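Below you'll find the structure, written out as structure tokens, and then a few comments.
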Amino acid sequence: MTRQMTGAKMVVQALKDQGVDVVFGYPGGAVLPIYDEIFQQNGIRHVLVRHEQGAVHAAEGYARSTGKPGVVLVTSGPGATNAVTGITDALLDSIPLVVLTGQVATFLIGTDGFQEADTVGITRPCTKHNWLVKDPDRLADTIHQAFHVATSGRPGPVLIDIPKDVQFAEGEYIEPQKAKTSHYQPRVKASIEEVTELVSLIERAERPVFYTGGGVINSGPAASQLLRELVDATGFPVTSTLMGLGAYPASGDAWLGMLGMHGLYEANMAMHGCDLMINLGARFDDRITGKVEAFSPGSRKVHVDIDASSINKVVRVDLPIVGDIAHVLEDVLTVWKSRGRKTQGPALKEWWQKIDEWRGVKCLTYKGSDKVIKPQYALERLEALTKGRDRYITTEVGQHQMWAAQFLAFEDPNRWMTSGGLGTMGYGFPASIGVQMAHPDSLVVNVAGEASWLMNMQEMGTAVQFKLPVKQFILNNERLGMVRQWQELLHGERYSHSWSEALPDFVKLAEAFGAKGIYCDDPAKLDDAIMEMIEHDGPVIFDCLVEKHENCFPMIPSGKAHNEMLLSAEAEAFVGGGALV
Amino acid sequence: MSPLKIEQGASSHSVYPLRDPNSDVVEKHTLAVLVENEPGVLARVIGLFSGRGYNIESLTVAEVDHKGHLSRITIVTTGTPQVIEQIKAQLGRIVPVHKVNDLTVEGPFVERELALFRVAGTGEKRVEALRLADIFRANVVDSTLESFVFQLTGAPEKIDAFADLMRPLGLNEVARTGVAALSRGS
Ligand SMILES: Cc1ncc(C[n+]2csc(CCOP(=O)(O)OP(=O)(O)O)c2C)c(N)n1
Ligand SMILES: [Mg+2]
């Protein structure tokens, strides 16, 4: 039976058939037929954002916290170009998104028509794939393919550009099962030889470390479960990138904390001194490796990744394994167990002793104060007062983001949403909206810097309109703190344009939007203020005035090696480590 | 710390025994890329090369399977072993790319290119040009009293050599198709 319907109807039908329940979008001339269909149904909720960038970040938050693809609907021209930052963000962090853009009618394409932009051209380098659909009979098939591509292999954003006449025209609708999901079927299982090789390295390693990344989260809950099983069974230490936090619980014995530029001393030293590095779904980003030539010089390296192009891109590895983390870990566990669960017990014990010495440096120590709120203290209190709750954290970009990664403890995957690869200021607030849409009863906190937060503050309107009780926890240092820190340490203390001048009164701003504002600048009152934020049933802007000149440590200055970390003056000096203080 | 107990290249999948990881010897490779013949696919391939700073020495593209909607892109590129491997992996992840073959490492292959040369001149030079064209088995496809257009097919080196010889004899325009390549044997 063929089903004829208009392109616009097909869009809504295809989204329903793909199990979509929320769309983040903003209307305009070139998508009006689709908006008309949205108006006439109830199955799909539409969240009207206040800027298209916000729609994309919200969809990212939704996707990251649910494991399902996020869906965005925007108009042609400026609607599409406003979405580009968000799409690029999703590409770099491998977040599955399906972005639908309106386009001028097919007969106007190429004429510089009103609100015409070459959307597929502009987004070709920042999507995993994109399509311009000129034939209504191809529309449903393309949408189904788009979901397949966005979610298979290494996930990522895809875009479908739909001219307005295609939305009006009738065509044949096909169901997802009948769609050509094409030849695109990335390999997920590793060969038995590769798995056995990895097992034999595990059996022989004396100073191993698991280096995990966002790929473990993307692989799904099973991957995190299997990682926990393997780590606990082998007793190997585990560290993670910013994107992978929560895959292994922060309360786990083997947890070293985050690694990288602002990673923990023990994590970076373990990476530097290991003899076997097992990279699971991370990509040797320059924020992780520091100086590549000096990166973990004595280790054999294994890299498991679903994307072959991530392997040997930056760091040459000894054992490349292309596959999905969950599949590979399952096979590794089976083979390792069947071969007698061997590890180098005594050597591992020695390795752990070394790690414990590094832990003894207490690299996150900071100088407390009872006069001003230290940003680290604010996060420690946030952690203490929200621990054990059904909690999701998003962040903006800057010092506060790194402190959040250091001081908040993540026990489960999909609970931590941050812009890692692109480092997009303005990500966190809209992302928190997307998370809250997916988890209406959970506590969603965006740990923000005042400068980043202003970049998408218009989304207050969205939060209030949709009654999304997102908590905006702004660590307000009245500075572009991370920029200021680099200027202090690397540019002779010349603070070029790193002040946040003319800041709004955040409490009044909240009230102007019809939300609640809280101000706190006193460490003694902080706990009560945080509780007031948590307990308020509605969106809150929390203006937490913090120390203005605090630096985020440890820090590996760019271009330096892992063992050339800068530590805070308060950390315990380490004798044997070669760390600079 | 104790010395390493796991030898370098201990894994049978190790890349070390195959290639020096830090080799900065630049190699030339011919890649055959089978792609879905859909709009924008060539832009994706070219965008990948320009976006990531890879070299293109030659690029040809044409549909090879009308029914299957498949085109073949032949790319001649240069880079260190690591860059070449990256290029192949990056090409492989483009959604409409079906297959990437590195003809240079997969065994013997033939490479051919077609070129047209306009050589203008009179007297001795004109005769010499014709004589050399004969040696190279180039065909005359157009002639006037002052010029010839020669057509030559062959490996790129042969075409380069012919161009070098024609230059002093009045070569004033060249058009080349770029390389088409196939592996030898069945
Ligand atoms: C869109 C964008 N522009 C510029 C930057 C560069 N940048 C990185 S951190 C930062 C300062 C952020 O200030 P704030 O949000 O107040 O956070 P803080 O570092 O003070 O905690 C800037 C400007 C960026 N990451 N993103
Ligand atoms: Mg700030």
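The values are calculated or read from the model by the stated rules, or taken from the named source; none is laboratory data. On a predicted model such as this, the values are computed, not experimentally measured, just so you know. Using ideal geometry, Cβ is built from the backbone for each residue, glycine included, and neighbour counts are taken over all protein chains shown. Remember, those area values only see protein heavy atoms, side chains included, never the ligands or the DNA or RNA. Shrake-Rupley method; radii C 1.70, N 1.55, O 1.52, S 1.80 Å.
For this structure, a couple of remarks:
- Residues that are surrounded by fewer than 24 Cβ atoms within 10 Å (Cβ to Cβ) and out of contact with any Pro (no Cβ under 6 Å at 6 or more places or on another chain) do not occur anywhere in segment A:211-218.
- Matching residues, segment A:283-306, being within 25 Å of A:Asp331 (Cβ to Cβ) and either more than 14 Å from chain B (Cβ to nearest Cβ) or open to solvent by 10 Å² or more (accessible area, probe 1.4 Å) (or both): A:Arg283, A:Arg300, A:Lys301, A:Asp305, A:Ile306
- Restricting the search to strands (runs of 3 or more DSSP E) fully inside segment B:96-155 and requiring at least 1 residues that are basic (Lys, Arg) gives B:97-102, B:109-120.
- Filter pass, A:Gln458 being more than 14 Å from every other protein chain (Cβ to nearest Cβ) and more than 16 Å from ligand 1 (Cβ to nearest atom): no
- Residues that are outside any loop (DSSP other than H, G, I, E, B) and either surrounded by 24 or more Cβ atoms within 10 Å (Cβ to Cβ) or near ligand 1 (Cβ under 8 Å from one of its atoms) (or both), drawn from segment A:396-413: A:Gln399, A:His400, A:Gln401, A:Met402, A:Trp403, A:Ala404, A:Ala405
- Listed conditions (1) crowded, with 16+ Cβ neighbours inside 10 Å; (2) in contact with an Asp or Glu (Cβ under 8 Å, 6 or more places away or on another chain) are all met by B:Thr78, apart from (1).
- Residue ID - nearest to A:Ser442 (Cα to Cα), chosen from residues in segment A:38-54 that are touching a Ser or Thr at 6+ places or on another chain (Cβ under 9 Å) and buried (at least 21 other Cβ atoms within 10 Å of the Cβ): A:Val47
- Among the candidates A:Gly426, A:Gly388, A:Gly434, residue that is within 15 Å of ligand 1 (Cβ to nearest atom) and outside the structural domain of A:Gly61 (by TED's automatic domain parsing): A:Gly426
- Filter pass, A:Glu532 being touching a residue at least 24 places away in the same chain (Cβ under 8 Å) and not hydrophobic (A, V, I, L, M, F, W, C): no
- Considered as a group, the residues in segment A:419-432 that are assigned to a loop (DSSP other than H, G, I, E, B) and within 16 Å of ligand 2 (Cβ to nearest atom) include one that is most open to solvent (accessible area, probe 1.4 Å), and that residue is A:Met425.
- B:Ser50 being open to solvent by 10 Å² or more (accessible area, probe 1.4 Å) and in contact with a Gly (Cβ under 6 Å, 6 or more places away or on another chain): no
- Checklist (1) of a type in the set (D, E, K, R); (2) part of a helix (DSSP H, G or I); (3) at the interface with chain B (Cβ under 7 Å from one of its Cβ atoms) applied to A:Arg316, failing item: (2)
- Residues of segment A:508-522 include none that is at pLDDT below 95, within 16 Å of ligand 1 (Cβ to nearest atom) and surrounded by fewer than 18 Cβ atoms within 10 Å (Cβ to Cβ).
- Residue that is within 30 Å of the chain's Cα centre (by Cα), surrounded by fewer than 22 Cβ atoms within 10 Å (Cβ to Cβ) and touching a residue at least 12 places away in the same chain (Cβ under 8 Å), where the choices are A:Leu280, A:Leu364, A:Leu264: A:Leu364
- For A:Glu350, the criteria (1) touching a strand residue (DSSP E or B) at 6+ places or on another chain (Cβ under 8 Å); (2) within 28 Å of A:Glu564 (Cβ to Cβ) hold in every case but one, which is (1).
- Residue under evaluation B:Arg112, criteria (1) away from every other protein chain (no Cβ under 14 Å); (2) open to solvent by less than 10 Å² (accessible area, probe 1.4 Å); (3) over 30 Å from B:Glu146 (Cβ atoms), criterion not met: (2)
- For the criterion of being closer than 30 Å to A:Lys291 by Cα, surrounded by 22 or more Cβ atoms within 10 Å (Cβ to Cβ) and within 16 Å of ligand 1 (Cβ to nearest atom), A:Glu488 fails.
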